[in-house]
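Quick notes on the structure that follows.
The values are calculated or read from the model by the stated rules, or taken from the named source; none is laboratory data. Given the structure is predicted, the values throughout are model-derived calculations rather than measurements. Here the Cβ is made from the backbone with ideal geometry for all residues, glycine too, and neighbour counts use every protein chain on show. Accessible surface areas use protein heavy atoms only, side chains included; no ligands, DNA or RNA. Shrake-Rupley method; radii C 1.70, N 1.55, O 1.52, S 1.80 Å.
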Amino acid sequence: IGKIGLTKAIEHLLELSKKAIPAEFDSTVENIDNLLDEKGELHIYRILQECLNNTSKYADATTISLKIIKRTNHFILEYSDNGSGFEMSKGKVLNEKGGLGLMDIRERSNLLSADFSIYSEPAKGFKLHLKIPLERVKNG
């Protein structure tokens, strides 16, 4: 990420994904450079990378949506696909190692002090919503 900044790194990741995943992409990525420290930026990048990887490997999705929207004291990251989805019953997906990489996403979200929610069910796709507070990241 370093020299090019988080926003350009995300845009580059999306361009690579468009070549690798046969789906239609809808993305809005506002400039979020310098809102997080280096570790925070890496967490955001890896979360998005994991989402795209999961969609590519498992979802058979035809549309992928990414929205990164900056607000005064936080920013929102929303990722969704219309793929095959999965059963989330009994917290199984988030508590078992390897659960589609969602354990890693949750851990990274916790390190960012983000409000974290996911939604999925079979045949209804996947949605991740993160609200990342900026004052928490700047101070800690």
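What to note about this one:
- Mean sequence separation of contacting Cα pairs (under 8 Å, at least six apart), scaled by the length of the range 1-90, corresponds to a relative contact order of 29 percent.
- For residue 107, the accessible surface of its heavy atoms amounts to roughly 80 Å² (probe 1.4 Å, protein chains only, rounded to the nearest 10).
- Local charge for residue 63 was computed over the other residues whose Cβ lies under 11 Å away, with Lys and Arg +1 and Asp and Glu -1, and equals -3.
- Ligands, DNA and RNA are left out, and with a 1.4 angstrom probe the accessible area of the chain is 56 Å² per residue.
- From phi via Karplus (6.51, -1.76, 1.60), per-residue ³J(HN,Hα) for the range 79-85 in Hz, x at Gly/Pro: 10, 8, 9, 9, x, 5, x
- Each Lys and Arg contributes +1 and each Asp and Glu -1, all at the Cβ; summed about the Cα centre of the chain, the dipole is approximately 220 debye.
- Gyration tensor (Cα) of the chain, equivalent ellipsoid semi-axes in angstrom: 24, 18, 12
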